[in-house]
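Trainee: Please read through the structure below; I'll follow up with questions.
The values are calculated or read from the model by the stated rules, or taken from the named source; none is laboratory data. This is a predicted model, so every value here is computed, not measured. In this analysis, Cβ positions are derived from the backbone assuming ideal geometry, glycine residues included, and neighbour counts consider all displayed protein chains. Calculation scope for accessible area: heavy atoms of the full protein, side chains included, ligands and nucleic acids excluded. Shrake-Rupley method; radii C 1.70, N 1.55, O 1.52, S 1.80 Å.
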Amino acid sequence: KTLVELRDLNKTHTKGQIQTHALKNINLKINEGEFVSISGPSGCGKSTLLSILGLLDAPTSGHYQLANIDAGSLNVDQRSKVRNQYVGYVFQSFNLIDHLTVFENVALPLEHRGDSSKAIKAEVEKQLTAVNMHNYMHHKPNQLSGGQQQRVAIARALVGEPQLLLVDEPTGNLDSHNGDLVMQELIELNNQGVTIVMVTHDERYSRMAKRQVRLFDGEIIVEHQEAVA
Ligand code: ADP
Ligand code: ADP
């Protein structure tokens, strides 16, 4: 089943007099259950593509369909509503709140939408277990390694069970050992059915995704897909 469809999508950033055509005629279809990596050199449009997929930004032209929603033509309020419901976002820099425990960090999105404390406890424990961090619920972020913090950030992105998990350079701030652990976790989540789109400039991690999309100067230049077993 198709989850994401981009058709002839363009994005132009305007800053003063300078216009940057960051995405050019992007056509991309992603099915439920896929693990897609987006790679390419700095400035090729990876972050721009991920922020459009994650409804943080709107395309300049073209079509974006997310599940059954015409996501390319939403206004700012509609975008954030759809984003909260459909999308989980993981950033390179974890973005955890230092004075809150692991449990409290992961619970935040659910408290925002007003879930009961019983439902919150069940969901937070479920997602922390999914990333093997349930033994660290009462720790603060600064008591954890970078890899552990990133796994908590993944759990926070997954509470509420979004249909699409977007990860932006998840290993960018990690050494190779912790980077490998985070990648293993993402592969495991994908095996359990989570649809993942990951931006990375690390070719080694890019190749671990089932499907690899390479951007250059705002265009898709290569696509590689593992043969389905
Ligand atoms: P990548 O993530 O691959 O490094 P980006 O999507 O960040 O690439 O950037 C693509 C191009 O768009 C670059 O030339 C970048 O400088 C430009 N760009 C990105 N975001 C903005 C912005 N908010 N305003 C102006 N230019 C931008
Ligand atoms: P990454 O290394 O993750 O691709 P970037 O350094 O390209 O990150 O961009 C970081 C943030 O700054 C992004 O939100 C991007 O949209 C914005 N950005 C990138 N280039 C520009 C630019 N030339 N002007 C304004 N904002 C930019």
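Trainee: Please name which of SER80, THR2, ALA67 has its Cα lying farthest along the dipole of segment 1-87 towards the positive end, using unit charges on Cβ (Lys, Arg +1; Asp, Glu -1) and the Cα centre as origin.
Mentor: SER80
Trainee: Work out the length of the dipole vector of segment 1-67 about its Cα centre, built from +1 on the beta-carbon of each Lys and Arg and -1 on the beta-carbon of each Asp and Glu, and round it to the nearest 20 debye.
Mentor: I would put it at about 180 debye.
Trainee: Now a separate question. Treat each spin label as a single point 7 Å out from the Cα along the C-beta direction, and report the GLN17 to ALA58 distance in nm.
Mentor: 2.8 nm
Trainee: Using a Gaussian network model on the chain with a 10 Å cutoff between Cα atoms, which of GLU161, GLU219, GLU203 fluctuates the most?
Mentor: GLU203
Trainee: Which one, LEU158, THR171, GLN143, is farthest towards the positive end of the dipole of segment 132-229 when Lys and Arg carry +1 and Asp and Glu -1 on their Cβ?
Mentor: GLN143
Trainee: Students often get this wrong: which residues of segment 94-115 have the backbone nitrogen under 14 Å from the point 7 angstrom along Cα-to-C-beta of LYS121?
Mentor: Those under the cut-off are 104.
Trainee: Using a 1.4 angstrom probe on heavy atoms only, work out the carbon and sulfur share of the accessible area of the chain in %.
Mentor: That share works out to 47 percent.
Trainee: I would also like to ask the following. Angle, helix 102-112 long axis vs. longest principal axis of the chain, Cα atoms, 0 to 90°, nearest 10?
Mentor: So the helix axis and the longest Cα principal axis differ by about 60 degrees.
Trainee: Also: How far, in nm, would the chain grow between ILE187 and LEU100 when pulled straight, counting 0.36 nm per residue and subtracting the alpha carbon separation?
Mentor: Length difference between fully extended and current span is 28.5 nm.
Trainee: Find, among the GluC sites (Glu not before Pro) in segment 72-172, those assigned to loop by DSSP (not H, G, I, E, B) with at most 16 other beta-carbon atoms within 10 angstrom.
Mentor: none
Trainee: Could you give me the percent of Cα pairs per 5 Å distance bin for segment 26-156, shortest bin first, beginning at zero and ending with the bin that holds the maximum distance?
Mentor: 2, 9, 17, 18, 17, 16, 12, 7, 2, 0
Trainee: Collect residues whose amide H, placed 1.01 Å from N in the peptide plane, falls under 5 Å from the amide H of LEU3; neighbours closer than 5 in sequence don't count.
Mentor: It is ILE30, ASN31, GLU32, by chain and number.
Trainee: On a 0 to 90° scale, report how tilted helix 146-158 is relative to the longest principal axis of the chain, with both axes built from alpha carbons and the result rounded to the nearest 10.
Mentor: 80 degrees
Trainee: In addition: Could you list which residues have their amide H under 5 Å from that of VAL199, counting only those 5 or more apart in sequence or on another chain, with H placed in the peptide plane?
Mentor: Here the answer is ILE38, VAL167, ASP168, GLU169, since their amide H atoms fall under 5 Å of that of VAL199.
Trainee: So what is the 222 nm mean residue ellipticity for the chain from helices alone, if each DSSP H run of at least 4 adds -39500 (n - 2.57) and you divide by all residues, rounding to the nearest 500 deg cm²/dmol?
Mentor: -10000 deg cm²/dmol
Trainee: Now for a separate question. Going by alpha carbons, how many degrees (0 to 90, nearest 10) lie between the helix axis of 117-130 and the longest principal axis of the chain?
Mentor: The angle comes out at about 70 degrees.
Trainee: Using each residue's phi in segment 200-207, evaluate 6.51 cos²θ - 1.76 cosθ + 1.60 at θ = phi - 60° and report the 3J(HN,Hα) Karplus result to the nearest Hz, with x for Gly and Pro.
Mentor: Per-residue couplings from phi come out as 8, 9, 8, 4, 5, 6, 4, 5 Hz.
Trainee: Okay, next question. Is segment 124-182 rounded, prolate or oblate when judged by the Cα gyration tensor, a ≥ b ≥ c being the square roots of its eigenvalues, rounded requiring a/c under 1.5 and prolate requiring a/b larger than b/c?
Mentor: The shape class here is oblate.
Trainee: Distance cut-off 18 Å, Cα to Cα: go down the list LYS15/LYS81; LYS29/LYS210; LYS1/LYS46 and report the pairs above it.
Mentor: LYS15/LYS81; LYS1/LYS46
Trainee: What size of dipole, in debye to the nearest 20, comes out for segment 167-215 about its Cα centre when the only charges are +1 on Lys and Arg C-beta atoms and -1 on Asp and Glu C-beta atoms?
Mentor: 340 debye
Trainee: Considering only DSSP beta bridges whose two residues both sit in the chain, what percent are antiparallel, to the nearest 5?
Mentor: 60 percent
Trainee: Give the Kirkwood hydrodynamic radius (Å, one decimal) of the chain, defined as one over the mean of 1/r across all pairs of different Cα atoms.
Mentor: For the chain, inverting the mean 1/r across all distinct Cα pairs yields 18.1 Å.
Trainee: Right, here's the next one. If you take every residue apart from VAL76 with its C-beta less than 11 Å away from the C-beta of VAL76, what net charge results, scoring Lys and Arg +1 and Asp and Glu -1?
Mentor: Charge balance in the 11 Å sphere: +1.
Trainee: Per residue, how much accessible area does the chain have with a 1.4 Å probe, in Å²?
Mentor: It amounts to 49 Å² per residue over the chain.
Trainee: Where the only charges are on Cβ atoms (+1 Lys, Arg; -1 Asp, Glu), what is the dipole of the chain about its Cα centre, to the nearest 20 debye?
Mentor: I would put it at about 280 debye.
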